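First the structure, in the form of structure tokens, and then the observations on it.
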Amino acid sequence: MTPSFSLSPQQAEPRLEVARRTLERLLTVPALAPRYAGHRQPRTLDDLAALPPLMKDDLNTALAHLRPQAEHGATWLFQSGGSTGAPKVGYAPTGFYMTGVHAHWQPLDRSDVFVNAWGAGRMWGAHFLSAALADLSGCQVIAVGSVGRDEYADWLAFFADREVTAIGGTPSVLRMWFAAARAAGLKLPALRKVLWLGEAWQPQLDEDIAEVAPQARRWGMFGSTETWVVGTNTPDCPADTFHPLPEQLVHVGPDELLDFSTLNPDMLNPVLRYQTGDAGQLVACPCGRPGPAMRVLGRRDSVVQVRGLGLHVDDVIARVEREPGVSRAQVVITEQRGRVSAVEILLLTDRGAAVDVERLRRDVLSATFTLSTAFQHDPDSFQLRRVELLVSNDRTGKTANLVLRDGS
């Protein structure tokens, strides 16, 4: 029988006191209290599975009411995967819960020289989270922010000179580094470790890494700003398979949707059966480590990854369709070898409507976190275009909000 939870009842039940406290917090939120009324405090995994799942908007409602405060250290606020409108925040204490991660997953050690290539700005926590991990490992750290195309060669030469042994970032950012090195004929002979978080691993990376740093192997983390790190993997695990941390309870619900309950008593976000939109399965990992691992199958909601950032397609569509004269819109994403090369929004407009398409393009680009960040260096790769017909399914006649195209 396929397990539904990442922990057995014997492992989970002593930790469910945290889930009970989380439910008590949610019951103090007026907008959420009615949905939990009549549900008993979770004392077993079956009790927990009977609770209604928590969605992103529910969590935002809860956080707006609770205003969490860390017991020790500062309280950090980060954007939680948002793309349009006002930022939606998640909370974390100083250290970002990485002590628990480091106790079970140690890709870095004191001898490493580590390049932290996650973006450090715009309220995203991955850079700071990985910095906390590096701090626990005692290694040397080189922190880089946004890098322009003409800067890669100098940085890569510096990495080689400093005998960098590890680098970390989203796979999309890592591809830019390794593709630049490969194009320039540069090697990183000391590089042994590639850490990643923020999106699915891209198989094309394997080709570039083999040319630039043939001794390097990947080490992955899975999580979100709401859940923080849920699980990790090693070079012996498939890229889509992660071992959940003991303080993270993973449940597989209907339609293989994953939900997460955090059993860490220091967690500030009330993560209780929280759904991020990812689907998955609990499987035996080929690495041989005992216990169920989490195989991630991908998104099952309107969020799509654009260069390592989550684009809320429905939010973008709603924003464009509020424009006078626009009757319908559709997002078309073009991928080349697994990487988003362009995003285009197709517009159906009312007959005779005077829609300023270029002005609307600038407005959407500047107001949308994902698009402004992802296309910071090539803004012309994001366009709006008036059309007579949107892209539809020839067989069903359905017209989706999102179309993916292979531009290879």
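The values are calculated or read from the model by the stated rules, or taken from the named source; none is laboratory data. What you see is a predicted model; the values in this text were computed from it and never measured. With ideal geometry, Cβ positions are generated from the backbone for all residues, glycine too; neighbour counts draw on all protein chains shown.
The conditions of being surrounded by fewer than 17 Cβ atoms within 10 Å (Cβ to Cβ) and without any contact (Cβ under 8 Å) to a residue 12 or more places away in the chain are met by residue 67. In the range 200-214, the residues that are within 21 Å of residue 224 (Cβ to Cβ) reach residues that are part of a helix (DSSP H, G or I) and hydroxyl-bearing (Ser, Thr, Tyr) with C-beta atoms within less than 9 angstrom, at least six apart or across chains, in these pairs: 202/172.
Would you call residue 251 touching a residue at least 24 places away in the same chain (Cβ under 8 Å) and either under 13 Å from residue 105 (Cα atoms) or among the basic types (Lys, Arg) (or both)? So residue 251 does not fit the description; no.
Scanning the range 388-408 for residues that are within 24 Å of residue 337 (Cβ to Cβ) and not in a strand (DSSP E or B), which turns out modelled with the lowest pLDDT? The selected residue is 408. Restricting attention to the range 309-352 and to residues that are acidic (Asp, Glu) and in a strand (DSSP E or B), the residue that is surrounded by the fewest Cβ atoms within 10 Å (Cβ to Cβ) turns out to be 335.
Quick one: which of 37, 31, 64, 12 is more than 28 Å from the chain's Cα centre (by Cα) and farther than 20 Å from residue 254 by Cα?
Numbers: 31 fails: more than 28 Å from the chain's Cα centre (by Cα); 64 fails: more than 28 Å from the chain's Cα centre (by Cα); 12 fails: more than 28 Å from the chain's Cα centre (by Cα).
That would be 37, the only listed residue that is more than 28 Å from the chain's Cα centre (by Cα) and farther than 20 Å from residue 254 by Cα.
Residues being over 21 Å from residue 306 (Cα atoms) and either without any contact (Cβ under 8 Å) to a residue 24 or more places away in the chain or in a helix (DSSP H, G or I) (or both): count how many of those fall in the range 353-387.
Taking the range 353-387 as the starting set, the residues that turn out to be over 21 Å from residue 306 (Cα atoms) are 353-359, 386-387.
Those still in the list that are either without any contact (Cβ under 8 Å) to a residue 24 or more places away in the chain or in a helix (DSSP H, G or I) (or both) too: 356-359.
So the answer is 4.
For the range 188-218, the candidate set comprises residues that are in contact with a Lys or Arg (Cβ under 9 Å, 6 or more places away or on another chain) and closer than 30 Å to residue 22 by Cβ; within that set, the residue that is surrounded by the most Cβ atoms within 10 Å (Cβ to Cβ) is 196.
Looking at the structure I just gave you, is residue 100 surrounded by 13 or more Cβ atoms within 10 Å (Cβ to Cβ), small (Gly, Ala, Ser) and outside any helix (DSSP H, G or I)? Don't jump to the end; show me each part of the working.
On the way: surrounded by 13 or more Cβ atoms within 10 Å (Cβ to Cβ): yes; small (Gly, Ala, Ser): yes; outside any helix (DSSP H, G or I): no.
When the stated conditions are applied, residue 100 does not pass them.
Pick from 385, 351, 299, 328: which is in contact with an Asp or Glu (Cβ under 8 Å, 6 or more places away or on another chain), at pLDDT below 90 and more than 25 Å from residue 199 (Cβ to Cβ)?
On the way: 385 fails: at pLDDT below 90; 351 fails: in contact with an Asp or Glu (Cβ under 8 Å, 6 or more places away or on another chain); 299 fails: more than 25 Å from residue 199 (Cβ to Cβ).
Result of the check over 385, 351, 299, 328: 328.
Which members of the range 289-300 meet the condition of being in a loop (DSSP other than H, G, I, E, B) and either within 22 Å of residue 372 (Cα to Cα) or without any contact (Cβ under 8 Å) to a residue 24 or more places away in the chain (or both)? Walk me through it before giving the result.
To start, the set of residues in the range 289-300 that are in a loop (DSSP other than H, G, I, E, B) comprises 289-292, 300.
Matches in the range 289-300: 290 only.
Take the conditions under 16 Å from residue 291 (Cα atoms) and at pLDDT 95 or above and apply them to residue 244. Does it pass? Yes. Regarding residue 298, is this residue surrounded by fewer than 21 Cβ atoms within 10 Å (Cβ to Cβ) and either under 30 Å from residue 377 (Cβ atoms) or under 22 Å from the mean Cα position of the chain (by Cα) (or both)? In short, yes. Count of the range 113-131 residues, restricted to those that are touching a helix residue (DSSP H, G or I) at 6+ places or on another chain (Cβ under 8 Å) and surrounded by 19 or more Cβ atoms within 10 Å (Cβ to Cβ), is 7. Of all residues in the range 231-259, those being among the hydrophobic types (A, V, I, L, M, F, W, C), more than 15 Å from residue 299 (Cβ to Cβ) and in contact with a Pro (Cβ under 9 Å, 6 or more places away or on another chain) number 4. Within the range 158-177, being part of a helix (DSSP H, G or I) and either at pLDDT 95 or above or hydroxyl-bearing (Ser, Thr, Tyr) (or both) holds for 158, 159, 160, 161, 172.
Residue pairs whose Cβ atoms lie under 7 Å apart, separated by 6 or more positions or on different chains, with the first residue in the range 227-244 and crowded, with 21+ Cβ neighbours inside 10 Å and the second charged (D, E, K, R), are 241/295; 243/289. Candidates in the range 25-58 are the residues that are outside any helix (DSSP H, G or I) and small (Gly, Ala, Ser); of these, the one that is surrounded by the fewest Cβ atoms within 10 Å (Cβ to Cβ) is 38.
Here is a yes/no grid of residues against (1) among the hydrophobic types (A, V, I, L, M, F, W, C); (2) within 19 Å of the chain's Cα centre (by Cα); (3) modelled with pLDDT of 95 or more:
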residue	(1), (2), (3)
88	no, yes, no
99	no, no, yes
106	no, no, yes
114	yes, no, yes
121	no, yes, no
